[in-house]
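Worksheet: the structure to be examined is printed underneath.
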Amino acid sequence: MDKNRQHEVTRMRYSPTKILQGLLCTTPILLLTLAACGGGGGTDAPLDVSYTVSGTITGLNNGGLTLLNNGGDAQTPASSAPGFSFPAITTGYNVTVLHHPDTPNPQHCTVTNGSGGKQAVNVSNVTVACENAYTIGGTFTGNTLGTGLVLQNNGGDNLLVPASAVSFVFTAPVGASSPGYNVSVLTQPNTPAQTCTTDATASGVAAANVSSVVINCTTNASLPTADPYVYVANFGSSGTGGVYPYNSTNGVLSAGTAATTGSAPSSIAVSAGFAYVTNYSSNTISAYSITAGALFAIDADSSITGTQANIATGAQPYAITIDPSGKFAYVANYGSNSVSAYSIDASTGALARIDSDKVTTGNQTSIPARSGPRSIAIDPSGGFAYVANYNDDSVSVYSIDTTTGALTAIDADGIGSGVPYIPTGAGPWSVTVGPAGAYLYVTNRAATGNTVNVFAIGNAGAGTLSLSGTTSTGANTTPVSIAIHPSGNYTYVVNYGTDKVQLYDSSTLGSLTYINQWSTGVQPSAIRIDSTGQYAYVTNYGDNSVSAYAVSQIDGSLTPVLGSPFPSGTGPFAVTTAR
């Protein structure tokens, strides 16, 4: 190629015109030029093109219709107007109904083809179809209506009803050809607390206003004062910070003076003005009297002369519980695979070791359990004790001598096998008995567990167990604690692995149905519902706090109280409440 020809090719390859054209076709900022570059295919018109939006109206025979375009440019067509037109715009369009016709009678209007991007030509295919509409209303029965009731129609039309109202009418009428109406209660009255129900179900609308919906409101029974005291055992705060007493005001916690414990306090039980704390690493129980919620150390061991700060247990006491009569205390000893039993002096609160094993000759300070007893529960009658054996995947069953407090291992399944325990899921960690004494609940926290077992408790005072159902809490949840609402309708499971507390419907006896879950602090370890069922408290082992929740008396749901979570000692591990 000669030099002149080569120069011409180079000039064409790098000419300013070619470079500019290439930039225009590739720069994102100039995407509007893509069509000229041979790409694109978008439908939007250039920014400087204006167009009008208009359409037709059918069925309009009343006044009061107001249409909007893009939330503005209000148009109010006259009654029986055949159409409408908005001023020219250069953006996209969105035609909506601001106000439906209502003079002299209500109508409901529906927009079709009402929205789109900016256009290069006028839009004229929007249609507004109007039809006769009818109001939806009804009356109230039952107690005089309180404040705060919100009704809802068709999942969107909300109506705040004034106190003492005897009737109601929703603001938005319903078109004759619409799906109809479906009235529901969105928010219950709160002053006074009431439960309102409706007899309305989804229904079509005939050519007439509806006034037949009935709302029945019943004032909730007054609840007693919630437990005013909350106590937390802090596993990592041995000594002066071992147990924290809190005052509770509507679930809001204020800490009092921490009490001294032994090493690694692992559980706490309260009864008749006294509190007892197991000390996992020092193999003892500390005892306290309670005055105005504060804890004061008392003589823990009445069998030894003088004042003893603690009384001996088996190895590594993990849990303590007190029988319903308040006469006996029982401790699950994780390290020695046993259960210890104690009598309680009703006047001083001091403990005394008793013969734990009724069957074996002599005075036995404990009765054998399976491997790794971790939790213990007693049925409401005080006749039976159930011990979760973590290492053995089982629950041991004992009868209780209600006179002496001694235990006797019994046939657990009641079918004549003679075996004093029954299998559970993997790693049973916590065990509790429902308030009616009909079912036993066990959380299984091992990696292959993540379940809750529900066992039916035998009738006629047998105390035996039969598996009623098993519910999964989800992979890697690590369920460690369980509490039953005093009503028996709701069950709460604390999951150490996911920092959640789960709510289950337990109103159907023998089964659990998942409802919802809420966040806790880090690594929640225990849960307690106060005796009135109004508040729930969760200890968070991983971030040294206590979460507090108000419990809905309508559906069992949880709402964090003001200021939750509250600070605790190190490693809060167990929680209880007291009056």
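How many of the residues making up the range 109-124 are part of a strand (DSSP E or B), in contact (Cβ under 8 Å) with a residue 24 or more places away in the chain and among the polar types (S, T, N, Q)?
The qualifying residues number 2.
Report, by residue number, each residue of the range 530-566 that is assigned to a strand (DSSP E or B) and farther than 23 Å from N190 by Cβ.
Y537, V538, T539, N540, S545, V546, S547, F566
Can you go through A259, A255, A221, A226 and tell me which one is without any contact (Cβ under 8 Å) to a residue 60 or more places away in the chain and either surrounded by 14 or more Cβ atoms within 10 Å (Cβ to Cβ) or within 30 Å of Y181 (Cβ to Cβ) (or both)?
A259
For the range 427-463, how many residues are in a loop (DSSP other than H, G, I, E, B) and in contact with an Asp or Glu (Cβ under 6 Å, 6 or more places away or on another chain)?
Here the count works out to 1.
Only strands (runs of 3 or more DSSP E) wholly contained in the range 184-265 count here; list those with 3 or more residues that are not small (G, A, S).
194-198, 210-219, 229-234, 243-249
State yes or no: is G236 among the small types (G, A, S) and at positive phi?
Answer is no for this residue.
What residue, of G521, G569, is part of a loop (DSSP other than H, G, I, E, B), at pLDDT 95 or above and touching a Ser or Thr at 6+ places or on another chain (Cβ under 8 Å)?
After ruling out the rest, the residue left standing is G521.
Given the residues G349, G335, which is the only one that is farther than 18 Å from S282 by Cα and not aliphatic (A, V, I, L, M)?
Result of the check over G349, G335: G349.
Here are S487, S430: which of them is of a type outside the set (V, I, T), surrounded by fewer than 23 Cβ atoms within 10 Å (Cβ to Cβ) and in the same structural domain as Y386 (by TED's automatic domain parsing)?
One residue alone meets the criteria, S487.
Looking at the range 267-278, which of its residues are surrounded by fewer than 24 Cβ atoms within 10 Å (Cβ to Cβ) and in a strand (DSSP E or B)?
Correct list: A269, V270, S271.
Just to verify a result, which residue in the range 437-484, among those that are small (G, A, S) and buried (at least 20 other Cβ atoms within 10 Å of the Cβ), is nearest to A226 (Cα to Cα)?
A483
Name the one entry in L31, L47, L24 that is at pLDDT below 95, within 50 Å of the chain's Cα centre (by Cα), over 30 Å from C109 (Cβ atoms) and not hydroxyl-bearing (S, T, Y).
Just a single option satisfies the conditions, and that option is L31.
So in the range 510-534, with the set limited to residues that are over 15 Å from V442 (Cα atoms) and among the aliphatic types (A, V, I, L, M), which one is surrounded by the most Cβ atoms within 10 Å (Cβ to Cβ)?
I529
Among the residues of the range 261-273, which ones are within 32 Å of the chain's Cα centre (by Cα) and not small (G, A, S)?
Once the filter is applied, which keeps residues that are within 32 Å of the chain's Cα centre (by Cα) and not small (G, A, S), the range 261-273 yields P265, I268, V270.
With respect to T576, determine if the residue is surrounded by 16 or more Cβ atoms within 10 Å (Cβ to Cβ), in contact (Cβ under 8 Å) with a residue 12 or more places away in the chain and part of a strand (DSSP E or B).
yes
Specify which of the listed residues (T464, T403) is modelled with pLDDT under 95, closer than 23 Å to G488 by Cα and not small (G, A, S).
Checking each option against the conditions leaves just T464.
Taking the conditions exactly as written (touching a residue at least 60 places away in the same chain (Cβ under 8 Å), loosely packed, with under 15 Cβ neighbours inside 10 Å and more than 30 Å from Q534 (Cα to Cα)), does S178 satisfy them or not?
no
I need the full set of residues from the range 66-81 which are part of a strand (DSSP E or B) and either loosely packed, with under 14 Cβ neighbours inside 10 Å or among the aliphatic types (A, V, I, L, M) (or both), in order please.
L67, L68, G72, A74 - these are the residues of the range 66-81 that are part of a strand (DSSP E or B) and either loosely packed, with under 14 Cβ neighbours inside 10 Å or among the aliphatic types (A, V, I, L, M) (or both).
Is it the case, given these coordinates, that A385 is closer than 16 Å to P324 by Cα and in contact with a Pro (Cβ under 9 Å, 6 or more places away or on another chain)?
no
Kindly state which strands (runs of 3 or more DSSP E) lie completely within the range 287-383 and contain at least 2 residues that are of a type in the set (A, V, I, L, M).
Correct list: 294-297, 310-312, 317-322, 328-333, 338-344, 351-353, 373-378.
Mind counting the residues in the range 393-405 that are part of a loop (DSSP other than H, G, I, E, B) and either within 32 Å of the chain's Cα centre (by Cα) or free of Cβ contacts under 8 Å to residues at least 24 places away in the same chain (or both)?
Count: 2.
Among the residues of the range 346-363, write down those that are more than 16 Å from S399 (Cα to Cα) and in contact with a strand residue (DSSP E or B) (Cβ under 7 Å, 6 or more places away or on another chain).
Result: G349, A350, L351, A352, R353.
The values are calculated or read from the model by the stated rules, or taken from the named source; none is laboratory data. Computed from a prediction, not measured in an experiment: that's the story for all the values here. Positions of Cβ are generated from backbone atoms using ideal geometry, with glycine treated the same way; all protein chains shown enter the neighbour counts.
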